[in-house]
Structures are given as C-alpha cells and as structure tokens.
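Below is one structure; the comments refer to it alone.
Any read-out appearing in this document is the output of simple, stated calculations on the displayed coordinates, not a laboratory observation. This is a predicted model, so every value here is computed, not measured. Every residue, glycine as well, gets a Cβ built from its backbone with ideal geometry; the counts of neighbours run over all protein chains shown.
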Amino acid sequence: MLEASFVVANSRAAWGNNQDGVVAEREQMAISGGFIRRVTGDARENEMDENLEQEGGIIGNLRHMALDMGNEIDSQKWQIERIMEKADSNKTRIDEANQRATKMLGSG
C-alpha cells in the first residue's frame with residue numbers, strides 16, 4: 001500500500017497549489033481578437049471582444065486537460081488489463097494448487 005504522505009506529496013506535485021494557470025507547457029493558440037462584428041466601436045464591444053478572447057484561452061486549456069485525461073485513461077486502461085491478466089493467471093494457479101491439496105489430503 002502507498003503511504004499517505006507519498007500520495008499527498010504526489011498529488012501536490014501533480015495538481016500544484018490550487019492556482020488556475022497553464023495546464024501544460026504547450027504552444028498556446030494565438031488568438032488575434034475580432035470575435036464580434038463591430039457596429040459602434042465603443043468600449044462595450046471592446047470588453048465583449050476581450051471577454052471572448054479570455055474564454056477562448058480557457059477553452060484551449062480545457063482542451064489540453066481533456067487530451068491529458070484521455071492519455072492518462074489510456075495508460076491506466078492498459079495497466080488494468082495487465083493486472084486483470086495476472087489476476088486470472090493467479091486464480092488458475094490457486095485453483096490448481098487447491099485441487100492438488102485436496103487430492104493429497106483425501107489420499108493421505
């Protein structure tokens with residue numbers, strides 16, 4: 001079993017200190033703005049455009065997180081399949097050992 005301090009230390013290393021930021025150091029999408037069609041050219045349109053630009057960055061981060069989660073799920077799926085194969089093999093070996101022990105006790 002893993003020690004609790006080991007798990008906590010690894011969790012902190014993986015998740016950081018609860019600050020939102022860049023999920024992975026990857027090349028960020030260059031967003032140039034112009035998300036809305038300008039009608040009046042006033043501050044409200046500028047604010048809407050800035051907000052949409054920020055949302056685009058957040059969505060990009062979510063995309064990267066989803067890709068990372070997918071990769072982790074694939075890795076863990078492979079590990080689970082490997083563990084299941086070993087468990088099946090061990091079950092077969094235990095069943096055979098039980099049969100041999102039953103024969104030995106029955107004929108002894």
Specify which of the listed residues (Ile58, Ile94) is in a helix (DSSP H, G or I), aliphatic (A, V, I, L, M) and farther than 30 Å from Phe35 by Cβ.
-> Ile94
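For region 80-108, give me each residue that is polar (S, T, N, Q) and either in contact with a Cys (Cβ under 6 Å, 6 or more places away or on another chain) or surrounded by fewer than 10 Cβ atoms within 10 Å (Cβ to Cβ) (or both).
First, pick out the residues of region 80-108 that are polar (S, T, N, Q): 89-90, 92, 98-99, 102, 107.
Listed by number, the list holds a single entry, Ser107.
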